[in-house]
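The values are calculated or read from the model by the stated rules, or taken from the named source; none is laboratory data. Since we're looking at a predicted model, the values are computed, not measured. Don't worry about glycine lacking a Cβ; one is built from the backbone with ideal geometry, like all the others, and counts go over all protein chains shown. When the accessible area is computed, the model is the full protein with side chains, heavy atoms only, and any ligands, DNA or RNA have been set aside. Shrake-Rupley method; radii C 1.70, N 1.55, O 1.52, S 1.80 Å.
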Amino acid sequence: MAYVAAGTDAAAAVLADRGARFGARLLDLLFWFVSYFAIGVPIMLWIDASGGSSAQVVLALWLVTSFILYFPLCISRFGATLGKRICGVWVARTVTGAPVASWRAMGREFFWVFSINVPVLSFLDPLWCCWDKPFQQCLHDKVAGTVVVTR
């Protein structure tokens, strides 16, 4: 079933299929890990060379900063991350079809991080879109009031 949000044209609001969403998440994780380790490895070497607790704090800050720069910032600013763009999917507001604001994008992605660390939620969150009607939302989409569409 296709969802057409108010204020958008039909081509811009067709629900993304599960395969494209899964591929986009895998690509996003790959791109994020590469960018994280590009700067993270020198910090890790600093830790190994007696960088102490200050180096560990810098590494933890880089982990959070790189996550925020890649996931929520890209979604709120461009409507999609690099992996989502490659797979042809965008994130939009469920009710209006409008772009996602930064706090909503932040909540969406941080709920996803929370859910992968909770045993039952780690399975329920990504699978929820398999039976959710009519918007095929994962739990992190439901929490943030977003829907993933193709363009």
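Quick look at the numbers
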| item | result |
| --- | --- |
| So Ile43, is it open to solvent by 40 Å² or more (accessible area, probe 1.4 Å) and part of a helix (DSSP H, G or I) | no |
| Output for region 70-100, where each listed residue is more than 11 Å from the chain's Cα centre (by Cα), open to solvent by 10 Å² or more (accessible area, probe 1.4 Å) and of a type in the set (A, V, I, L, M, F, W, C) | Phe78, Ile86, Cys87, Val95, Ala98 |
| Considering residues of region 101-138 that are hydrophobic (A, V, I, L, M, F, W, C) and surrounded by 20 or more Cβ atoms within 10 Å (Cβ to Cβ) only, the residue farthest from Tyr70 (Cα to Cα) | Cys129 |
| Test: residue in region 8-17 that is open to solvent by less than 60 Å² (accessible area, probe 1.4 Å), at pLDDT 90 or above and within 16 Å of Ile86 (Cβ to Cβ) | yes |
| Selection count where residues are open to solvent by 60 Å² or more (accessible area, probe 1.4 Å) and part of a helix (DSSP H, G or I), scope region 139-151 | 2 |
